[in-house]
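Below is one structure, written out as structure tokens; the observations come after it.
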Amino acid sequence: MTPSHPAPPTRPRPAPVTWLRGAGSWIRSAPGTYVWLTALFVTTVIVHQMSPDFEEDFLRQRSTNIHELSQNPVRVLISSAFWIDGGEWLPYAVLYTVFHAPAERRLGTLRWLAVVAAAHILATLVSEGVLAWAIRHGHAPETAANTLDVGVSYALAGVVAVLTYYVPRPWRYVYLFAVLVVYGVPLVTGATFTDIGHVTAALIGLACYPLTRHHHRRLDRRLQRRPHRRLHRRPHRRLHRHETKPPSAQ
């Protein structure tokens with residue numbers, strides 16, 4: 001007989017390899033978030049190559065202001081979501097990872113995209129509608145109709161708000177209070193049209209509760225399909241009539 005050799009011990013993976021695999025798995029679980037974030041990185045690099053005057057004029061043509069919305073509403077509603085005013089991409093990478101990615105993982109890409117689109121589009125229309133009313137009644141200058149308004153903050157506010165329904169109780173109420181404070185206080189103290197848009201987007205995110213119920217129903221179905229454990233006992237061997245007991249050892 002050949003002597004059996006013990007299996008060689010498995011070598012643990014280096015920490016950087018484990019982190020890279022974990023990061024790759026996280027990114028693949030939220031593809032919409034990171035495709036969007038990659039597009040924002042590319043456009044931010046492009047903006048950094050522009051002169052200040054050209055940059056302002058370029059972004060203004062892609063702004064969701066009253067003038068552009070009256071000319072090309074569909075084009076500017078889409079294009080404004082791919083440019084960042086200020087050129088700082090890294091903070092958005094953190095915010096997208098903290099809020100957008102978990103929302104997409106829980107909602108699914110299509111439902112997450114529905115929340116993003118609803119918050120971005122409806123909050124833009126509401127805030128610009130309020131601004132148009134203010135201009136018409138003399139509460140804002142007419143030059144405000146051509147203001148620079150690009151960015152992804154309305155979509156972010158909607159996603160931040162819809163995540164409320166995934167926070168376990170009682171921390172859910174603390175999180176909801178924090179959301180209302182973050183977006184409500186600037187509205188009370190400053191009341192710019194952008195503050196109105198942020199509050200509107202947060203309320204739209206809270207109104208998307210029906211989209212979150214799909215996750216809970218899917219979780220319930222998984223729990224129902226999970227097989228219950230059964231304790232299997234070894235049945236006692238019965239002696240049939242034609243069998244005889246073995247003689248006891250003396």
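Entry note, the stretch 67-211: relative contact order of 32 percent, from Cα contacts under 8 Å with a spacing of 6+ residues.
Across every pair of non-identical alpha carbons in the stretch 77-142, the mean reciprocal distance, once inverted, gives a Kirkwood radius of 14.2 Å.
Counted by Cβ distance under 12 Å from Glu55, the other residues give a net charge of -2, where Lys and Arg count +1 and Asp and Glu count -1.
Put simply, the Cα atoms of the stretch 83-184 extend 47, 29, 24 Å along their principal axes, the longest span coming first.
Expressed as a whole percent, the accessible surface of the stretch 82-183 that belongs to carbon and sulfur atoms is 70, based on a 1.4 Å probe. 3J(HN,Hα) along the stretch 120-132: 5, 6, 5, 5, 5, 5, 5, 5, 6, x, 5, 5, 4 Hz, from the Karplus curve 6.51 cos²θ - 1.76 cosθ + 1.60 with θ = phi - 60°, whole Hz, x for Gly and Pro.
The values are calculated or read from the model by the stated rules, or taken from the named source; none is laboratory data. The structure displayed is predicted, hence computed values, not measured ones. Heads up, the Cβs are rebuilt from the backbone with ideal geometry, glycines too, and the neighbour counts pull from every protein chain shown. Surface accessibility is based on the protein's heavy atoms, side chains included, excluding ligands, DNA and RNA. Shrake-Rupley method; radii C 1.70, N 1.55, O 1.52, S 1.80 Å.
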